[in-house]
1. So, in region 194-213, how many residues would count as being in a helix (DSSP H, G or I) and in contact (Cβ under 8 Å) with a residue 40 or more places away in the chain?
2. Would you tally the residues in region 148-157 being assigned to a loop (DSSP other than H, G, I, E, B), within 19 Å of residue 104 (Cβ to Cβ) and touching a helix residue (DSSP H, G or I) at 6+ places or on another chain (Cβ under 8 Å)?
3. Answer with yes or no whether residue 68 is out of contact with any helix residue (DSSP H, G or I) (no Cβ under 9 Å at 6 or more places or on another chain) and either assigned by TED's automatic domain parsing to the domain that holds residue 249 or not in a strand (DSSP E or B) (or both).
4. Among the residues of region 301-310, is there at least one that is assigned to a strand (DSSP E or B), over 15 Å from residue 204 (Cα atoms) and modelled with pLDDT of 95 or more?
5. Name the residues in region 81-98 that are surrounded by 19 or more Cβ atoms within 10 Å (Cβ to Cβ) and within 18 Å of residue 277 (Cα to Cα), would you?
6. Criterion first (closer than 22 Å to residue 131 by Cα, modelled with pLDDT of 95 or more and out of contact with any helix residue (DSSP H, G or I) (no Cβ under 6 Å at 6 or more places or on another chain)) does residue 293 satisfy it?
7. Taking the criterion of being surrounded by fewer than 23 Cβ atoms within 10 Å (Cβ to Cβ), over 17 Å from the mean Cα position of the chain (by Cα) and in a strand (DSSP E or B), would at least one residue in region 71-80 satisfy it?
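The values are calculated or read from the model by the stated rules, or taken from the named source; none is laboratory data. All values derive from a computational prediction rather than experimental measurement. Reconstructed Cβ throughout: ideal geometry from the backbone, glycine too, with neighbour counts over all protein chains shown.
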């Protein structure tokens, strides 16, 4: 619980503790754009901005009208903020960089509307963002200036547009939650120093891809499904929303593990989620709340990106479960994991 201070008061307190005022300005502006976008999302059908936009992004994914609107809102904010030198977005082919009278200290990376494929079904969607330092030599950033490991993030967060509009934020000193109060048009501090339980009996994964999973993931899920009679000795619940912010919000509220592992469905793709503006911000938020985030073989925040839209496997949530998955990846694997539920049987008893 908190004393219900506003986001503005929270940022003022953090500035008094050493937060750069310029970074506070960037966070304040991002929060306002998220509040604006929440209003658009809630009224999309009434405003005629629901449905497909008739275009695709750089990844070849069909864009929703709200994808385009969200990207335009955040791009306009970045361009108008003197502290932001450039922005990378899921909806932009390349980095967009700006001319400034003085060198701006920050780079912004965003997924403007995460989970937008679900927006017409009225499923929760959101915005993911991260702020990186601009440490390049020039006045104007280049693409390679964005290719920093997640450990370099100065700030990360997401806003979820659901029954409530909630902003989850870290400035590197814990993970905090703010709920938008439509009566006062302000974010109110509603959860201080979030902690994700280390253990869980709930997992989230897209079971339709099970035939493509690698053996460590098959083993983990099969053990969970085996329940009290299996090696885990406990019943597990399974969830899948297909909205990263909604999956993260559930884990912050009650624990759990989310898995979007590498698979052999499209062998040329090392993973499905984007490192810079999806995996890294979520990983930092999780680690700041005592949870963990990994590809299965590597800590997410240690990866130095190769490209702006690089994809990675992503597994995050309750630390004990993530560590178990990592251990399964480390162990020597048989050619194919034998499920405890579907072992080969013989007619002959020895």
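1. 2
2. Of region 148-157, the ones assigned to a loop (DSSP other than H, G, I, E, B) are 148-149, 153-154.
Filter again for within 19 Å of residue 104 (Cβ to Cβ), leaving 148, 153-154.
Pick out the ones that are also touching a helix residue (DSSP H, G or I) at 6+ places or on another chain (Cβ under 8 Å) and you get 153-154.
Count: 2.
3. Taking the combined requirement at face value, the residue satisfies it.
4. For region 301-310, residues assigned to a strand (DSSP E or B), over 15 Å from residue 204 (Cα atoms) and modelled with pLDDT of 95 or more: absent.
5. Our first condition is that a residue be surrounded by 19 or more Cβ atoms within 10 Å (Cβ to Cβ); within region 81-98, this holds for 81, 83-91, 95, 97.
Answer for region 81-98, where residues must be surrounded by 19 or more Cβ atoms within 10 Å (Cβ to Cβ) and within 18 Å of residue 277 (Cα to Cα): 84, 85, 86, 87, 88, 89, 90, 91, 95, 97.
6. no
7. For region 71-80, residues surrounded by fewer than 23 Cβ atoms within 10 Å (Cβ to Cβ), over 17 Å from the mean Cα position of the chain (by Cα) and in a strand (DSSP E or B): absent.
Table: residues versus (1) in the same structural domain as residue 241 (by TED's automatic domain parsing); (2) surrounded by fewer than 24 Cβ atoms within 10 Å (Cβ to Cβ); (3) in contact with a helix residue (DSSP H, G or I) (Cβ under 6 Å, 6 or more places away or on another chain); (4) at pLDDT 95 or above.
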{"residue": "114", "(1), (2), (3), (4)": "no, no, yes, yes"}
{"residue": "118", "(1), (2), (3), (4)": "no, yes, no, no"}
{"residue": "123", "(1), (2), (3), (4)": "no, yes, no, no"}
{"residue": "130", "(1), (2), (3), (4)": "no, no, yes, yes"}
{"residue": "133", "(1), (2), (3), (4)": "no, yes, no, yes"}
{"residue": "144", "(1), (2), (3), (4)": "no, yes, no, yes"}
{"residue": "159", "(1), (2), (3), (4)": "no, no, yes, yes"}
{"residue": "165", "(1), (2), (3), (4)": "no, yes, yes, yes"}
{"residue": "170", "(1), (2), (3), (4)": "no, yes, yes, yes"}
